[in-house]
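Just below is one structure, and these are the notes that go with it.
The values are calculated or read from the model by the stated rules, or taken from the named source; none is laboratory data. Bear in mind the structure is a predicted one, so any value in this text is a computation, not a measurement. Neighbour counts run over all protein chains shown; Cβ positions are idealised from the backbone, glycine included.
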Amino acid sequence: MPAKTAATGPVAVLVVTWNSAAVLPEFIASLPQGMDGVDWRLVVADNDSADDTVAVLRELAPDTTIVQTGRNAGYAAGINAALDATAGWPAGIRAALICNPDVRMRPGCARTLLDALGEKLPDGDRVGISVPLLYEEDGATVVRSLRREPSVVRAFGEALIGNRRAGRFPALGELVTDPRAYASSTRADWAAGALMMLSGELLDACGPWDEFFFLYSEETEYCLRAGDHGFATRLEPAASAVHIGGDSRVSPFL
């Protein structure tokens, strides 16, 4: 974890890669517009890719801090490795933008997410995690990225009738399906982790990501832990991005 965070430090853009060479060129090309107005540095943790991921990074983004984990360590471990690499930065980091390499930010996305951090909510909590409106690869279909806290009843409801149907009833499903939730700033128990901005204050309070979770559920645990520390997860629809992976991590049949 970083030794310190600071309001004046850069935003650390943290990416975990594994055989990601094919998607990196467009990701790197999209960063200037997505990060416009923000002081930022790119940190990539590569989980022992067998393709040209590292070579592509060195060619297209030579200033990137590359951490080679030497193994397929999992997503949470990759995030922690990338965060650890920022520990020696003289000014610390202001925030961390965690993003998948198949995300394409639209102009001003990061600035909007950054500006949302720290806002005090009516219950006294503050926004510690801000997420954008995500679109599928077609650029028009909204990804239903907001979630409710997991429960036995919700797991049963989704298994019985599918997550999209169950999501229409808050007691029965995790998935937030109401279109109105995606039309304005909306607090959620957790959100899909394809692209999320975390405040430095939250990082200091919550510590490293739980490496017990190899690929799925790591953002669930971290968002819920953030909530326990008084930090809210909130959608900021004025910020948007395209996720090439779209809704692939959420089957409409589960």
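If you go through the range 78-117 and pick out every residue that is more than 27 Å from GLU137 (Cβ to Cβ), in contact with a strand residue (DSSP E or B) (Cβ under 6 Å, 6 or more places away or on another chain) and among the charged types (D, E, K, R), you end up with 1.
Annotation note: Cβ proximity below 8 Å between a residue of the range 82-99 that is in contact (Cβ under 8 Å) with a residue 12 or more places away in the chain and a residue that is of a type in the set (Asp, Glu) (sequence gap 6+ or interchain) occurs for ARG94/ASP39.
Can you say whether VAL38 is modelled with pLDDT of 95 or more, closer than 16 Å to ALA95 by Cα, in contact with a helix residue (DSSP H, G or I) (Cβ under 8 Å, 6 or more places away or on another chain) and not in a loop (DSSP other than H, G, I, E, B), as far as the supplied structure shows?
Numbers: modelled with pLDDT of 95 or more: yes; closer than 16 Å to ALA95 by Cα: yes; in contact with a helix residue (DSSP H, G or I) (Cβ under 8 Å, 6 or more places away or on another chain): yes; not in a loop (DSSP other than H, G, I, E, B): no.
Here the answer is no, as VAL38 does not meet what is asked.
Of the candidates ALA73, ALA21, the single residue that is part of a loop (DSSP other than H, G, I, E, B) and over 24 Å from VAL242 (Cβ atoms) is ALA73.
For the range 42-70, a residue qualifies if it is in contact with a helix residue (DSSP H, G or I) (Cβ under 6 Å, 6 or more places away or on another chain), in a loop (DSSP other than H, G, I, E, B) and farther than 13 Å from LEU24 by Cβ, and the qualifying residues are ASN47, THR69.
Just one of the listed residues (ARG58, ARG71) is surrounded by fewer than 18 Cβ atoms within 10 Å (Cβ to Cβ) and free of Cβ contacts under 8 Å to residues at least 24 places away in the same chain, namely ARG58.
The C-beta contact set for the range 178-201 (first residue modelled with pLDDT of 95 or more, second residue among the aromatic types (Phe, Trp, Tyr) and crowded, with 17+ Cβ neighbours inside 10 Å, distance under 8 angstrom, 6+ apart or interchain) comprises SER199/PHE231; GLU201/PHE231.
Got at least one residue in the range 215-230 being part of a loop (DSSP other than H, G, I, E, B), at pLDDT below 95 and more than 15 Å from ARG148 (Cα to Cα)? There is at least one residue in the range 215-230 that is part of a loop (DSSP other than H, G, I, E, B), at pLDDT below 95 and more than 15 Å from ARG148 (Cα to Cα). Residue under question is THR8, and the condition is that it be touching a strand residue (DSSP E or B) at 6+ places or on another chain (Cβ under 8 Å) and not aliphatic (A, V, I, L, M); does it hold? So THR8 does not fit the description; no. Pairing residues of the range 30-52 that are in contact (Cβ under 8 Å) with a residue 24 or more places away in the chain with residues that are polar (S, T, N, Q) and part of a helix (DSSP H, G or I), at Cβ distances under 6 Å and at least 6 apart in sequence or on separate chains, gives ASP46/THR53.
Scanning the range 117-147 for residues being touching a residue at least 24 places away in the same chain (Cβ under 8 Å), assigned to a loop (DSSP other than H, G, I, E, B) and of a type in the set (A, V, I, L, M, F, W, C) gives a total of 3. Exactly one residue among VAL127, VAL103 is within 17 Å of PHE231 (Cα to Cα) and among the β-branched types (Val, Ile, Thr), and that residue is VAL127.
Would you be able to say whether some residue in the range 97-115 is at pLDDT below 95, surrounded by fewer than 19 Cβ atoms within 10 Å (Cβ to Cβ) and part of a loop (DSSP other than H, G, I, E, B)? Working first, answer last.
At the first step, the residues of the range 97-115 found to be at pLDDT below 95 are none.
No: zero hits.
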